[in-house]
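Here is the structure we will look at, set down as structure tokens.
The values are calculated or read from the model by the stated rules, or taken from the named source; none is laboratory data. As the structure is a computational prediction, the values presented were derived from the model and not from experiment. With ideal geometry, Cβ positions are generated from the backbone for all residues, glycine too; neighbour counts draw on all protein chains shown.
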Amino acid sequence: MSITPVPRIAVIVVAAGSGTRLGAGAPKALVGVGARSILHHALANVFGGPPAQVVVVAPAGHEGAALTEARDAAGDRRDLVTVVTGGDTRQSSVAAGLAALWGDVEIVLVHDAARALTPPAVFDRVAASVAGGSAAVVPVLPVVDTLKRVAGRTVTGAVDRSEVAAAQTPQGFRRDVLETAYRVAHAEFTDDAALVAAAGHRIDTVAGDERAFKITTPADLERAARLVAGSVPPGAPRVGVGTDVHAFGGDGDLWLAGLEWPGEPALAGHSDGDAVAHAIVDALLSAAGLGDIGTHFGTARPEFAGAHADAFLRRTAALLHEAGWAVGNVTVQVQTNRPRFAPRRAEAERVLSDALGAPVTVGATTTDGLGFTGRGDGVAATAVALVLPLR
Ligand code: CTP
Ligand code: MG
């Protein structure tokens, strides 16, 4: 039984766009910024705002991934998550979100997942303005550039900068106002405020935030990545190193670097023999001065028998966090003849980064036929980790 009260606010997070201008080869919301997806960052900020039903409008075919991201970002608010499938245009995606609102909702905020780093305070401001009597509210920033009206390549006039502002999201509305405006809309509008204005309503403004910029191009993605990396707390960093070796000869399929490799010979070990994961754990524990893998995951711990990288890395991240350390990044290199890593390297990095909650990079090499890895007896992995004090 849920004890969460039914909220009167809903946030519709539109994330169904394809991200043509970003050109990352995946729906924009699922593209990574640091260790998390754009959608995860956006939702973490949404859940930092006022208690609300959160309707995630996902790209068709990616609803499951969106639900996983949403539940992970929601923490103890996971009961408030709804996922629906988006449409061909942003407007139809918002309409799909509107159709999923719970009965008690009175205030609706519509937010672009692409504005992933929008701080929770902006959600608070927008919701408070609607709760205080506005029918419609947009967060805005002053425009700093001098503006010109142009026709082709010729300036035709000046635009008074004090008369314009740059609109962001989340945009907030009284539910009845937004629903009615969507029902009567017969054209495509550039944002929800324009659609509601066309239905005859006054639009109020609150202060936006520089961090609420929309990730549109690869340069925007780099800007977001720099901001996310810069939010790691300052203090003297520490490094640690970890190595691990496992022999081939286990049962079942190979597990290595957090991935299952069907048809490849398995490694032997108390857990799944994932030398890459174990080297990462040792590097992290040594950097934080917390002993080594045997201290925390030894054979005396039956719950880690047969466990995969995911369980090891989540537990290690928790141990470090309890001890006051954030993970900066980890890099690991594996020596082995097989499997061939290149086709799944990015996948391995994603799985390991997701489990750890920090960037993990993976490289693979062979040893020119020399030594035990060269003979194909087993694999060896070496990891280096950087950790930063939380306080
Ligand atoms: N959006 C959506 N459904 C669509 C189109 C866009 O939910 N059919 C969402 C996007 O996911 C994004 C927001 O609307 O969070 C703003 O759109 P935009 O930044 O233009 O994203 P994309 O449409 O994905 O990008 P592009 O225009 O470059 O393809
Ligand atoms: Mg678009």
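Checking each residue in segment 242-266 for being farther than 18 Å from Phe297 by Cα and hydrophobic (A, V, I, L, M, F, W, C) picks out Ala247, Phe248, Leu254, Leu259, Trp261, Ala266.
Can you find a residue that is within 24 Å of the chain's Cα centre (by Cα) and not in a loop (DSSP other than H, G, I, E, B) anywhere in segment 130-143?
yes
Quick check, is Thr82 part of a helix (DSSP H, G or I) and away from ligand 1 (no atom under 13 Å from the Cβ)? Against the criterion (part of a helix (DSSP H, G or I) and away from ligand 1 (no atom under 13 Å from the Cβ)), Thr82 does not qualify. Counting only helices (runs of 4 or more DSSP H) that sit completely within segment 242-322, those holding 2 or more residues that are at pLDDT below 95 correspond to 293-297, 309-322.
Each residue in segment 82-109 was checked for being of a type in the set (A, V, I, L, M) and more than 12 Å from Gln53 (Cα to Cα), and 5 pass.
Among the listed residues Ala70, Ala96, Ala100, which satisfies the condition of being near ligand 1 (Cβ under 10 Å from one of its atoms), among the aliphatic types (A, V, I, L, M), under 14 Å from Val14 (Cα atoms) and at pLDDT 95 or above? Going through Ala70, Ala96, Ala100 in turn, the sole match is Ala96.
Inside segment 49-61, residues that are away from ligand 2 (no atom under 16 Å from the Cβ) and in contact with a Pro (Cβ under 6 Å, 6 or more places away or on another chain) make up a count of 4.
Condition check ((1) touching a Gly at 6+ places or on another chain (Cβ under 6 Å); (2) away from ligand 2 (no atom under 16 Å from the Cβ); (3) not in a strand (DSSP E or B)) across all residues:
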position: Arg71; (1), (2), (3): no, yes, yes
position: Val94; (1), (2), (3): no, no, yes
position: Ala100; (1), (2), (3): no, yes, yes
position: Val110; (1), (2), (3): no, no, no
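The listed residues are Ala24, Ala16, Ala42, and the only one of them that is under 16 Å from the mean Cα position of the chain (by Cα), surrounded by fewer than 20 Cβ atoms within 10 Å (Cβ to Cβ), within 16 Å of ligand 2 (Cβ to nearest atom) and among the aliphatic types (A, V, I, L, M) turns out to be Ala24.
Selection over segment 45-69 of residues that are surrounded by fewer than 20 Cβ atoms within 10 Å (Cβ to Cβ) and without any contact (Cβ under 8 Å) to a residue 60 or more places away in the chain gives a count of 8.
Considering (1) surrounded by 13 or more Cβ atoms within 10 Å (Cβ to Cβ); (2) away from ligand 2 (no atom under 16 Å from the Cβ); (3) hydroxyl-bearing (Ser, Thr, Tyr), the lone condition that Thr146 does not fulfil carries the number (1).
Could you tell me whether Ser162 is farther than 22 Å from Arg90 by Cβ, touching a strand residue (DSSP E or B) at 6+ places or on another chain (Cβ under 9 Å), surrounded by 17 or more Cβ atoms within 10 Å (Cβ to Cβ) and in the same structural domain as Trp102 (by TED's automatic domain parsing)? Judged against the criteria, Ser162 is not a match.
If you go through segment 80-88 one residue at a time, do you hit one that is more than 26 Å from Arg125 (Cα to Cα), touching a residue at least 12 places away in the same chain (Cβ under 8 Å), within 15 Å of ligand 2 (Cβ to nearest atom) and surrounded by fewer than 22 Cβ atoms within 10 Å (Cβ to Cβ)? Yes, because at least one residue in segment 80-88 is more than 26 Å from Arg125 (Cα to Cα), touching a residue at least 12 places away in the same chain (Cβ under 8 Å), within 15 Å of ligand 2 (Cβ to nearest atom) and surrounded by fewer than 22 Cβ atoms within 10 Å (Cβ to Cβ). When segment 334-374 is filtered for residues that are crowded, with 18+ Cβ neighbours inside 10 Å, over 16 Å from Asp244 (Cα atoms) and aliphatic (A, V, I, L, M), the ones remaining, listed by number, are Ala348, Val351, Leu352, Ala355, Leu356, Ala358, Val360. Restricting attention to segment 157-189, the residues that are over 32 Å from the mean Cα position of the chain (by Cα) and touching a residue at least 40 places away in the same chain (Cβ under 8 Å) total 1.
Listed by first and then second residue, the pairs with beta-carbon distance under 7 Å, at least 6 apart or on different chains, first residue in segment 6-23 and within 28 Å of Val105 (Cβ to Cβ), second within 12 Å of ligand 2 (Cβ to nearest atom) and part of a strand (DSSP E or B), are Val14/Asp112. Listed by first and then second residue, the pairs with beta-carbon distance under 6 Å, at least 6 apart or on different chains, first residue in segment 134-151 and farther than 30 Å from Arg174 by Cβ, second among the β-branched types (Val, Ile, Thr), are Leu147/Val159; Lys148/Val155; Arg149/Thr156; Arg149/Val159. Taking the conditions (1) within 16 Å of ligand 2 (Cβ to nearest atom); (2) of a type in the set (A, V, I, L, M); (3) over 14 Å from the mean Cα position of the chain (by Cα) in turn, Ala10 satisfies each one other than (1).
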